[in-house]
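The values are calculated or read from the model by the stated rules, or taken from the named source; none is laboratory data. None of these values were measured; they are calculated from a predicted model. Note: ideal-geometry Cβ built from the backbone for every residue, glycine included; neighbour counts use all protein chains shown. Surface accessibility is based on the protein's heavy atoms, side chains included, excluding ligands, DNA and RNA. Shrake-Rupley method; radii C 1.70, N 1.55, O 1.52, S 1.80 Å.
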Amino acid sequence: MRFSQISVLFKRELSSYFATPIAYVFIVIFLFLSGIFTFYLGNFFALGQADLSTFFTFHPWLYLFLIPALTMRLWAEERKSGSIELLLTLPVTIGEAVVSKFLAAWAFTAIALFLTFPMWITVNYLGEPDNAVIAAGYLGSLLMAGAFLAIGSSISALTKNQVIAFVITVVVCLVFILSGFPMVLDFFSWAPQIIVETISSFSFLTHFYSIIKGVIDLRDIIYFLSLIVFWLFCTAILIEMKKAD
Amino acid sequence: MVNIKNLYKEFGSLMAVDDISFQVNQGEVLGFLGPNGAGKSTTMKMITGFLTPTSGSVSIDGDDIVNDPIKVKQRLGYLPEGAPAYPDMTTMAFLDFIAQIRGFKGRDKSRRIDDTIQRINLDKVVYQSIDTLSKGFKRRVGLAQAILHDPDVLILDEPTDGLDPNQKHEVRNLIQNMAKEKVIILSTHILEEVHAVCNRAIIIANGKIVADGTPTELEAKSDNHNSITISVRAAADQASELRKSLLAVSGVYKLEALSAADSGLLTYQVFPEANRSIIAEISQHIHQQNWEVEEMFVNKGRLDDVFRTITTGV
Ligand SMILES: Nc1ncnc2c1ncn2[C@@H]1O[C@H](COP(=O)(O)OP(=O)(O)OP(=O)(O)O)[C@@H](O)[C@H]1O
Ligand SMILES: [Mg+2]
């Protein structure tokens with residue numbers, strides 16, 4: 001992995017989001033939905049708490065639909081238009097290309113997340129929240145977004161069709177969310193504790209909710225980072241296998 | 001030097017490239033010819049490292065594309081079939097990206113980009129986004145991208161497809177001007193182009209090389225090569241007599257009547273026996289017979305004929 005190549009590819013990718021309406025549509029919808037979820041569904045004001053926990057609680061569901069929309073084009077479009085042939089005959093490795101695209105998508109999500117700062121200002125205006133917990137929430141949200149993006153990147157490498165990429169990504173991400181859902185875990189209540197714990201340990205929710213409580217456990221961070229590495233690795237393998245089709 | 005050894009590529013049960021080997025040296029402009037689906041693009045994709053060969057090897061000055069891809073790709077310029085690019089970028093942004101990924105910085109980078117824009121005549125579309133460019137301009141942007149870093153080896157898949165006649169001419173000049181210090185491999189369906197720019201041609205059919213030589217050598221394989229077209233002023237009823245007399249000339253293999261006689265002209269194409277030239281014999285014969293000849297010329301043999309004969313197996 002050469003930093004020089006990654007940085008050139010990263011810049012091209014990131015600016016490509018802003019060359020089309022994708023960036024603006026995504027950001028507006030993201031901000032709008034996180035507002036709706038927090039204030040309307042989450043009863044932000046009625047709870048009377050000066051924190052952002054309601055805001056973060058909805059992030060997995062927000063990402064479930066928004067991130068696949070972001071990642072569906074990542075590789076599918078390159079393959080469909082044939083530009084993958086140009087990209088991979090330039091002096092870059094598949095690994096460098098995969099990492100750059102991922103990082104650009106991640107950076108873009110970080111920008112969208114950053115733009116929710118008025119929320120943070122609002123709670124600080126209304127009360128005296130624990131800003132460390134809020135910072136942990138942002139960190140957790142960003143890590144979880146990374147995991148969603150890495151899954152999306154793999155699935156986008158699998159097909160030339162962006163709609164298919166979107167649908168499959170949603171389904172796979174849903175599995176990763178639901179495996180920590182109380183309802184699903186109750187369903188396994190007959191099983192030994194160890195199995196229930198294993199299932200829930202694979203869930204985004206379990207790890208994410210523990211981070212946004214302000215408990216930064218290294219294991220949660222490692223969980224998300226290793227998911228990212230694993231799925232990016234899959235992406236590289238899939239590209240190598242499927243680039244010619 | 002580009003060295004291609006026993007290259008195979010299998011797609012499922014289809015052998016798209018079936019044991020292709022050749023070498024190309026600096027200064028050579030090699031034209032790839034062959035019918036649709038012959039395996040030209042597939043071969044190029046393996047040379048440039050996009051596809052991994054099922055077996056066989058490609059190397060540039062001893063560096064193998066599979067073992068040492070980055071080193072080889074740095075020395076390669078490639079225009080893929082259809083000239084793909086990033087449609088949402090402007091020509092300038094795209095070339096800037098290519099220059100950066102090729103490792104150019106600062107002054108050197110801008111100089112390269114400007115230089116390439118001049119050479120490919122892209123001035124008019126520098127700030128236009130690529131998806132709004134016409135087909136020919138898209139192709140030219142692809143070409144610009146391929147030559148920007150002045151590569152030692154240039155692989156061009158149908159470089160003049162979609163260009164207007166002026167641009168075709170320009171691009172051919174460009175290729176010829178670069179030829180001396182490079183290895184250039186291009187594919188084309190335009191046979192006259194092979195004459196114009198290539199000093200070597202390879203014809204591929206069904207994944208195999210079926211002919212390899214200079215354009216002139218290939219033309220010599222044509223049945224028409226060294227045949228003589230002759231028009232004699234004579235009445236129609238003299239035809240059979242004339243025919244008999246021509247066939248009797250030494251070295252003549254066969255004769256084909258080309259036009260109806262009502263113009264008062266009898267036109268024939270006279271074919272020599274293999275590898276013979278019969279112009280001297282024919283002229284002498286005409287002289288002896290005292291025929292009134294309107295027109296006579298030696299056919300050189302056309303690449304089209306050779307192409308058709310070889311690739312259809314007729
Ligand atoms: N990814 C692929 N999967 C399956 N078959 C393929 C693939 N790519 C090419 N082929 C097949 O391999 C054969 C050779 O194709 P190729 O594109 O190399 O032909 P070509 O000589 O470039 O033809 P053209 O003159 O039309 O450009 C064709 O039969 C084609 O259908
Ligand atoms: Mg082709």
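The residue that is most open to solvent (accessible area, probe 1.4 Å), counting only those in the stretch A:197-229 that are closer than 30 Å to residue A:78 by Cβ and not aromatic (Phe, Trp, Tyr), is A:229. Here is the figure for the stretch B:21-72: residues that are within 14 Å of chain A (Cβ to nearest Cβ), in a strand (DSSP E or B) and in contact (Cβ under 8 Å) with a residue 24 or more places away in the chain total 2. Within the stretch A:230-243, being free of Cβ contacts under 8 Å to residues at least 24 places away in the same chain and either under 16 Å from residue A:103 (Cβ atoms) or crowded, with 20+ Cβ neighbours inside 10 Å (or both) holds for one residue alone: A:233.
Checking B:284, B:269, B:288 one by one, the residue that is in a strand (DSSP E or B) and either under 28 Å from residue B:197 (Cα atoms) or not assigned by TED's automatic domain parsing to the domain that holds residue B:35 (or both) is B:269 and no other. Cβ-Cβ distances below 8 Å connect the following pairs, each with a first residue in the stretch B:150-169 that is in a strand (DSSP E or B), a second residue that is within 14 Å of ligand 2 (Cβ to nearest atom) and open to solvent by 70 Å² or more (accessible area, probe 1.4 Å), and a separation of six or more residues or different chains: B:157/B:81.
Name the helices (runs of 4 or more DSSP H) wholly within the stretch A:128-221 that hold at least 2 residues that are at pLDDT 85 or above? If you could, list the steps in order and put the result at the bottom.
Working: elements: A:131-158, A:162-178, A:182-187, A:193-201, A:204-212.
The qualifying helices (runs of 4 or more DSSP H) are A:131-158, A:162-178, A:204-212.
Remark: pairs (first residue in the stretch B:274-291, closer than 10 Å to residue B:228 by Cα; second residue open to solvent by less than 70 Å² (accessible area, probe 1.4 Å) and of a type in the set (Gly, Ala, Ser); Cβ separation under 7 Å; 6+ apart in sequence or on different chains) = B:278/B:251. For the stretch B:110-121, indicate whether the set of residues that are buried (at least 19 other Cβ atoms within 10 Å of the Cβ), touching a helix residue (DSSP H, G or I) at 6+ places or on another chain (Cβ under 9 Å) and free of Cβ contacts under 8 Å to residues at least 24 places away in the same chain is non-empty. Checked against the condition, which is being buried (at least 19 other Cβ atoms within 10 Å of the Cβ), touching a helix residue (DSSP H, G or I) at 6+ places or on another chain (Cβ under 9 Å) and free of Cβ contacts under 8 Å to residues at least 24 places away in the same chain, the stretch B:110-121 yields no hits at all. Taken together, the residues in the stretch B:16-33 that are among the hydrophobic types (A, V, I, L, M, F, W, C) and within 16 Å of ligand 2 (Cβ to nearest atom) amount to 6. Are any of the residues in the stretch B:112-120 within 16 Å of ligand 2 (Cβ to nearest atom), modelled with pLDDT of 95 or more and within 23 Å of residue B:187 (Cα to Cα)? No, because not a single residue in the stretch B:112-120 is within 16 Å of ligand 2 (Cβ to nearest atom), modelled with pLDDT of 95 or more and within 23 Å of residue B:187 (Cα to Cα). Filtered by the rule that a residue be open to solvent by 10 Å² or more (accessible area, probe 1.4 Å) and of a type outside the set (Asp, Glu), the stretch B:223-232 gives B:224, B:225, B:226, B:229.
The single condition among (1) assigned to a helix (DSSP H, G or I); (2) within 12 Å of another protein chain (Cβ to nearest Cβ); (3) surrounded by 19 or more Cβ atoms within 10 Å (Cβ to Cβ) that residue B:131 does not meet is (3).
Sort out which residues of the stretch B:140-168 are in contact with a Leu (Cβ under 9 Å, 6 or more places away or on another chain) and away from ligand 1 (no atom under 16 Å from the Cβ), and write them in order of number.
Answer for the stretch B:140-168, where residues must be in contact with a Leu (Cβ under 9 Å, 6 or more places away or on another chain) and away from ligand 1 (no atom under 16 Å from the Cβ): B:140, B:141, B:143, B:144, B:145, B:146, B:147, B:148, B:151, B:152, B:153, B:154.
Within the stretch B:96-110, the presence of at least one residue that is within 9 Å of another protein chain (Cβ to nearest Cβ) and part of a loop (DSSP other than H, G, I, E, B) is confirmed.
Just one of the numbered conditions (1) more than 15 Å from ligand 1 (Cβ to nearest atom); (2) touching a Ser or Thr at 6+ places or on another chain (Cβ under 7 Å); (3) open to solvent by 10 Å² or more (accessible area, probe 1.4 Å); (4) of a type outside the set (Lys, Arg) is not true of residue B:68: (2). Looking only at residues of the stretch B:73-103 that are within 21 Å of residue B:161 (Cα to Cα) and open to solvent by 40 Å² or more (accessible area, probe 1.4 Å), we find that the one that is nearest to ligand 1 (Cβ to nearest atom) is B:81.
So, in the stretch B:182-192, of the ones that are in contact with an Asp or Glu (Cβ under 8 Å, 6 or more places away or on another chain) and closer than 15 Å to residue B:2 by Cβ, which residue ends up surrounded by the most Cβ atoms within 10 Å (Cβ to Cβ)? Looking at residues that are in contact with an Asp or Glu (Cβ under 8 Å, 6 or more places away or on another chain) and closer than 15 Å to residue B:2 by Cβ, I get B:184.
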